[in-house]
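Here the structure comes first, spelled out in C-alpha cells, and everything after it is commentary.
The values are calculated or read from the model by the stated rules, or taken from the named source; none is laboratory data. As the structure is a prediction and not an experimental result, all values here were calculated from the model. Note that each Cβ is placed from the backbone with ideal geometry, even for glycine, and that neighbours are counted across all protein chains shown. The protein model used for the area step is the full one, side chains on, heavy atoms only, and it has no ligands, DNA or RNA in it. Shrake-Rupley method; radii C 1.70, N 1.55, O 1.52, S 1.80 Å.
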Amino acid sequence: MKRRDFLKSATLTGLATAGYFSSTMFAAAQGRKTLTLAYPTSFPSLDPSTSFSNDNAVMANCYETLTRYIPDPETGSGTVSPLLAEKWESADEGRTWTFHLRSGVTFDDGAPLNAEAVKKSIERTKTLAGGASFIWDAVEQIETPDDMTVVLKLAYAQPMDVTVSAGYAAWILSPAAVEQDNEWFNAGNSGGTGPYKIMRNEPGQRCILARNENYWGGRDEDRFDNVVLEISEDPVLAQSMLESGQADWTYGLPYENLERMESNPDLDVVVNPSFQNLVGFMNTKKAPLDNVDVRRALAMSFPYDDVVGAGTNGLGSRARGAIPPGIWGHDPEAPMAMTNLEEAKSILEATGVTDLELTLTYFNGDKLEALASELWRANLATIGVKMNLQPMSWEAQWDLAKSDPANAQDIFMFYWWPTYVTPYDYLLNMFRSEDEPIYNLGYYSNPEFDANLDAAHELSASDRAASEQMFRDTQRMLIADYPAVFIMDLPNVHVVRSDIKGYVDNPAYAHVVFSDELSK
Amino acid sequence: MNTAISRLGVAGSIALGVICLFLLAIIFAPYVAPFPEQGVGDPNIASRLLPPSPEHWLGTDAFGRDILSRVIYGGRVSVTIGVTVVIIGLCIGLPVGIVAGYSGGWIDETLMRITDVFLAFPALLLAVLVAAALGAGMWNCIIAISISWWPWYARMARSEVLVLRGQPYVEAAQVMGVSHPVILVRHILPAVFRPLSVQGALDFGPALLTGSALSFLGLGVRPPTADWGEMVNAGRAVFPDRWWIAVMPGLTIFIIALAFSMLGDAVRDAEKSGSHDH
C-alpha cells in the first residue's frame with residue numbers, strides 16, 4: 001500500500017516535471033530565443049496599480065514609468081533618466097511638475113501613449129488606493145494641457161521626477177487596461193508600453209512573456225523573443241537549473257555555495273550593494289517589549305558581527321539605522337547597538353522583568369533569517385531570556401503580524417527594499433503609525449516621529465539639504481527608541497549564465513531583470 | 001538452543017543489536033554525545049561547515065554544531081514520534097475495530113466507512129495536509145501522523161474479532177448472559193491485543209520514517225531542536241559541496257529504518273516458524 005503511495009507521488013512529480021519542460025521548451029521548439037529567470041518567490045498580483053510585492057519582476061518588463069532611476073554606487077547618489085517622459089521641469093518651488101511625453105510610443109494593444117493615458121493610470125492607482133499608491137499622496141490635480149504634456153499639481157513640494165520612477169504603483173497603463181479589474185490582469189493580460197507583454201500566467205508556477213511587437217524602442221535581432229519567469233522556491237532546484245543551463249539567472253542561493261559557482265566557468269556571480277536591509281521588528285504594543293529598556297537590552301544581545309560574517313560570508317555590512325547607504329539621507333555616523341551581553345543582562349535586571357519568554361517569527365525558506373534568529377536565541381539564552389523560534393511561510397507570518405498586535409509575534413524578521421529612492425519610503429512604511437498594520441510590523445507609534453517625518457518629506461523637493469538633515473535627525477530619534485533591531489544592509493548577489501551579455505543590476509528595482517537589455 | 005534471539009536469525013540479531021545500541025545512545029545522550037549543548041541547539045559559529053574529522057566524526061553544520069551530537073539528540077525526537085504515533089494509533093484503532101467487528105450491522109458499516117475515508121487518502125499526503133493545517137511542532141506532527149495511522153489498526157482488529165466472535169468460549173460467555181462490554185474487555189481484547197501489539201512494534205520504523213519525512217518538509221519540530229528530517233533538508237541546499245550535512249542524518253535514517261524493517265521481518269519469520277512448531 002505504501003509503495004503504491006510512493007508510485008503515485010512519483011507519477012505526480014513526473015507529470016509536474018513534464019509540465020515544466022512543455023512550457024519552457026515551447027519557444028525552443030519554435031526556434032525562438034528564450035531567457036529563463038528563476039525566482040525564489042511567487043508573483044502574488046499582476047495588477048500594476050496595486051502590485052506591491054515580488055511581482056515588480058514581471059511589471060518592469062511589461063510596463064514602463066515616466067522616468068527611471070539609475071543609482072551610482074560610487075557616489076551613493078544617482079540620476080533620473082528619461083523613459084516615457086523625454087523631459088520634465090518643476091515650478092512653484094517643487095509644487096508643479098510638467099512631464100513631456102515621448103512621441104511615437106504605443107501600448108501593446110496598439111493604443112498610442114498620450115497625456116490622457118498617463119492621467120488615467122495615476123488616477124486608477126490613486127482610486128484603488130492599494131499597494132504603494134501612497135507615492136501619489138501629494139498629487140492634488142493632474143492636468144493635460146495638450147496630448148503630450150502632463151502637469152502634476154501637488155499639495156506640497158515633492159521630487160516627482162524620482163517619485164514617478166518608482167518600481168511600484170508608477171506604471172503607465174493603456175486606456176483599455178485602465179478599465180479592467182484585478183482579475184483581468186491576473187488572468188495573464190497586460191497593457192503596457194514595455195518591451196514584453198504577458199503571454200501566459202500560471203500562478204505559483206511561472207509567468208511567460210512574449211515580445212511586444214509594438215515596442216517603441218524597436219527590436220534588435222539578438223534580443224530575446226520570450227522571457228520565462230520560473231518560480232522556483234527551492235534554492236537547490238534553482239541552482240541546478242542554472243548550472244545545467246535550464247535557467248539563465250537567479251538569486252537567493254545560499255551564500256555558502258557562492259564559491260562553487262564562482263569557480264564554474266559557465267556562471268558569473270554578480271555582487272553589488274543593494275538598497276535592501278534586514279531588521280527585526282520588536283512588538284512595541286505588547287509587554288514587556290513596550291518598555292524601551294527591554295528593547296535596548298534585546299538589541300544589545302544581538303550577535304551582529306557573527307550574523308554578518310557567517311550569514312553573508314562577510315558580503316553584507318552592519319546597518320546604521322533603517323536607511324542604507326546609497327539612499328540619500330543615509331547617516332554614516334548614526335549610532336549602532338553593539339553586542340554586549342553583560343550590559344544587556346544588567347539593563348534587563350534593572351527593568352525588573354524576569355522569566356522573559358519571546359516568540360520570533362521568520363520566513364521558513366530564508367537561511368539568513370534562520371541563522372540570525374538561531375544565533376540571537378543562543379545569545380539570549382545566556383542572559384536568561386527564552387526565545388521560541390517560529391519559522392513560517394511568508395503569507396502566514398504576515399497574516400499573524402497583521403492581526404491583533406497583542407496576540408501577534410514578539411519579534412518579526414523582515415527585509416525591506418525601497419518603493420522608490422527616498423529615505424521617506426523606509427521610515428514611512430516600517431515605522432510611521434498605522435491603524436491597520438501593513439509593513440509597520442513592530443507597531444511603532446510616535447506622533448513626534450510621524451510629524452518630523454512628514455515635515456522632512458515635504459521639504460525634500462524645496463530644500464534637499466535641510467530635508468536630508470531632518471531625515472537623519474528623525475532616524476536618530478527612531479534609533480534611540482529601539483523599535484527594531486537594525487541588523488544589516490544586504491549585498492545583492494545574482495548569478496547569471498556567463499553567455500548572457502549586458503546584465504547590469506539596478507538596486508533601485510530590487511531583483512528586476514530588464515530583459516530587453518540582455519542578449520545571448 | 002531455541003531462544004528468542006536465535007530464532008531471529010543473523011540479520012534479525014544484527015538489527016536488534018543496532019536498535020539496542022541506538023536506544024542506549026539516545027537514552028544516555030548527554031553522556032554519549034561529544035557536544036551535548038550543540039546537540040540541544042547551541043551554535044558554535046567558529047566551527048561552521050567543517051568536514052568529518054577526529055574532533056567532529058560526522059562534521060559540523062551551518063551553525064557550527066557537531067552533527068553526531070545532533071543525530072543522537074535528533075534520535076530522541078524520532079523515537080518519541082514513532083512510539084507516540086503507534087500508541088495513539090492503537091488507542092484509536094483498537095477500540096474502533098473491536099466494536100465494529102463485534103457489533104456487526106450498521107455500527108460495523110458506519111465505523112468501517114469512516115475508516116475507509118481515512119484510508120482513501122495516501123497516508124503521507126494526509127499527514128502532510130493535517131500537519132500543514134495544524135502548523136509545525138512535534139506534537140502537531142504526532143497528531144498528523146496518528147490520524148493517518150489508526151485506520152490500519154482498526155481494520156486489523158476488526159478482522160481478528162470477526163474470527164474470535166464465532167469461537168466457542170465467546171459464544172459460551174454470551175449464552176451465560178455476560179454483558180457485551182465485559183466480553184469485549186475480558187475475552188476479546190486480550191486475544192486481539194497480541195497480534196496488534198506485534199504489528200505496532202513493527203510499525204515503529206515506518207512511523208519514525210514518516211515523522212522524518214514531515215520534518216524534512218518543514219512540518220516537524222521547531223528549531224533549534226534536532227530532527228533528522230530537518231537536518232537532511234537543511235543540508236540539501238549546500239549539497240554536494242558540504243555533503244556530510246545532509247548525508248549523515250540521511251544515513252542514520254536509512255540505517256535505523258532498515259534495522260527496524262529487518263527486525264520486523266525476522267520477528268514475522270520467527271512467529272511463522274513458531275506456529276509451525278505447535
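Going through region B:89-114 one residue at a time, which ones are aliphatic (A, V, I, L, M) and surrounded by fewer than 18 Cβ atoms within 10 Å (Cβ to Cβ)? Correct list: B:Ile92, B:Ile107, B:Ile114. Residues in region A:404-420 that are more than 21 Å from A:Asn277 (Cα to Cα) and open to solvent by less than 50 Å² (accessible area, probe 1.4 Å): A:Pro405, A:Ala408. Counting only residues that are part of a helix (DSSP H, G or I) and either over 30 Å from the mean Cα position of the chain (by Cα) or among the acidic types (Asp, Glu) (or both), region B:166-192 holds 12 of them.
To keep it simple, each residue is scored yes or no on (1) in contact with a Phe, Trp or Tyr (Cβ under 6 Å, 6 or more places away or on another chain); (2) at pLDDT below 95.
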site: B:Thr3; (1), (2): no, yes
site: B:Gly9; (1), (2): no, yes
site: B:Ala15; (1), (2): no, yes
site: B:Pro34; (1), (2): no, no
site: B:Asn44; (1), (2): no, yes
site: B:Ser53; (1), (2): no, no
site: B:Gly59; (1), (2): yes, no
site: B:Gly82; (1), (2): yes, yes
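Only a single criterion out of (1) under 26 Å from the mean Cα position of the chain (by Cα); (2) surrounded by fewer than 20 Cβ atoms within 10 Å (Cβ to Cβ); (3) in a loop (DSSP other than H, G, I, E, B) is not satisfied by A:Asp109, namely (1). Scanning region A:388-406 for residues that are more than 14 Å from chain B (Cβ to nearest Cβ) and within 23 Å of A:Gly252 (Cα to Cα) returns a single hit, A:Trp398. For region A:444-475, filtering for residues that are touching a residue at least 12 places away in the same chain (Cβ under 8 Å), surrounded by fewer than 23 Cβ atoms within 10 Å (Cβ to Cβ) and not in a helix (DSSP H, G or I) leaves 3. For the structure I just gave you, tell me whether B:Phe260 is surrounded by fewer than 22 Cβ atoms within 10 Å (Cβ to Cβ) and either away from every other protein chain (no Cβ under 14 Å) or in contact with a helix residue (DSSP H, G or I) (Cβ under 7 Å, 6 or more places away or on another chain) (or both). No; evaluated as a whole, the condition is false for this residue.
The set of residues from region A:129-149 being at pLDDT 95 or above and open to solvent by 70 Å² or more (accessible area, probe 1.4 Å) comprises A:Glu140, A:Gln141, A:Pro145, A:Asp146, A:Asp147. Just give me the residues in region B:64-85 being of a type in the set (A, V, I, L, M), surrounded by 24 or more Cβ atoms within 10 Å (Cβ to Cβ) and closer than 11 Å to B:Gly211 by Cβ, in sequence order. Across region B:64-85, the qualifying residues are B:Val77, B:Ile81, B:Val85.
This table checks each residue for (1) surrounded by 14 or more Cβ atoms within 10 Å (Cβ to Cβ); (2) within 25 Å of the chain's Cα centre (by Cα); (3) not acidic (Asp, Glu).
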{"residue": "B:Ala123", "(1), (2), (3)": "yes, yes, yes"}
{"residue": "B:Ala133", "(1), (2), (3)": "no, yes, yes"}
{"residue": "B:Ile145", "(1), (2), (3)": "yes, yes, yes"}
{"residue": "B:Trp152", "(1), (2), (3)": "yes, yes, yes"}
{"residue": "B:Glu160", "(1), (2), (3)": "yes, yes, no"}
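Being closer than 24 Å to B:Gln199 by Cα and among the β-branched types (Val, Ile, Thr) is true for just one of B:Ile26, B:Ile107, B:Ile45. Which residue is that? Residue meeting the stated conditions: B:Ile26. Here A:Arg295 meets each of (1) open to solvent by 50 Å² or more (accessible area, probe 1.4 Å); (2) among the basic types (Lys, Arg); (3) under 30 Å from A:Glu395 (Cβ atoms) with one exception, condition (1).
One residue is enough: does region A:256-270 have a residue meeting the conditions in contact with a Cys (Cβ under 9 Å, 6 or more places away or on another chain) and either among the aliphatic types (A, V, I, L, M) or under 30 Å from A:Gly384 (Cα atoms) (or both)?
no
The condition of being closer than 20 Å to A:Val308 by Cβ, surrounded by fewer than 19 Cβ atoms within 10 Å (Cβ to Cβ) and within 14 Å of another protein chain (Cβ to nearest Cβ) holds for only one of A:Glu259, A:Glu243, A:Glu233, that being A:Glu259. Do we have any residue at all in region A:407-428 that's without any contact (Cβ under 8 Å) to a residue 60 or more places away in the chain, over 17 Å from the mean Cα position of the chain (by Cα), away from chain B (no Cβ under 14 Å) and farther than 22 Å from A:Met338 by Cα? Yes.
Within region A:299-314, the set of residues being open to solvent by 10 Å² or more (accessible area, probe 1.4 Å) and more than 13 Å from every other protein chain (Cβ to nearest Cβ) comprises just one member, A:Met300. Within region A:336-382, the set of residues being open to solvent by less than 70 Å² (accessible area, probe 1.4 Å), away from every other protein chain (no Cβ under 14 Å) and in a loop (DSSP other than H, G, I, E, B) comprises A:Met336, A:Ala337, A:Asn340, A:Gly352, A:Val353, A:Leu356. A single member of A:Val279, A:Val227 is closer than 30 Å to B:Phe63 by Cβ, away from chain B (no Cβ under 14 Å) and at pLDDT 95 or above, and it is A:Val279. Residue check: is A:Tyr439 part of a strand (DSSP E or B), closer than 25 Å to A:Glu369 by Cβ and open to solvent by 10 Å² or more (accessible area, probe 1.4 Å)? Against the criterion (part of a strand (DSSP E or B), closer than 25 Å to A:Glu369 by Cβ and open to solvent by 10 Å² or more (accessible area, probe 1.4 Å)), A:Tyr439 does not qualify. Looking at region B:1-99, the helices (runs of 4 or more DSSP H) lying wholly inside it that each contain 2 or more residues that are away from chain A (no Cβ under 14 Å) sit at B:4-7, B:9-27, B:29-32. One residue stands out among those in region A:150-204 that are open to solvent by 10 Å² or more (accessible area, probe 1.4 Å) and β-branched (Val, Ile, Thr): the one that is farthest from the chain's Cα centre (by Cα), which is A:Val151.
A:Gln390 passes every criterion in (1) modelled with pLDDT under 95; (2) farther than 28 Å from A:Ser274 by Cα; (3) buried (at least 19 other Cβ atoms within 10 Å of the Cβ) apart from (2). Once region B:234-256 is narrowed to residues that are at pLDDT below 90 and more than 30 Å from A:Met387 (Cα to Cα), the residue that is nearest to the other protein chains (Cβ to nearest Cβ) is B:Asp241. Answer yes or no as to whether B:Pro122 is within 27 Å of B:Leu202 (Cα to Cα) and within 14 Å of another protein chain (Cβ to nearest Cβ). Considered against the rule, which asks whether it is within 27 Å of B:Leu202 (Cα to Cα) and within 14 Å of another protein chain (Cβ to nearest Cβ), B:Pro122 comes out as yes. Filtering region B:200-233 to residues that are assigned to a helix (DSSP H, G or I), open to solvent by 10 Å² or more (accessible area, probe 1.4 Å) and within 14 Å of another protein chain (Cβ to nearest Cβ) leaves B:Leu202, B:Asp203, B:Pro206, B:Leu209, B:Thr210, B:Ala213, B:Phe216, B:Glu230, B:Met231, B:Val232, B:Asn233.
Just need a number here: residues in region A:150-168 that are of a type in the set (S, T, N, Q) and more than 12 Å from A:Thr96 (Cβ to Cβ).
Selection size over region A:150-168: 2.
Would you mind stating whether B:Cys20 is open to solvent by 40 Å² or more (accessible area, probe 1.4 Å), out of contact with any His (no Cβ under 6 Å at 6 or more places or on another chain) and closer than 23 Å to B:Trp228 by Cα? Yes: the conditions hold for B:Cys20.
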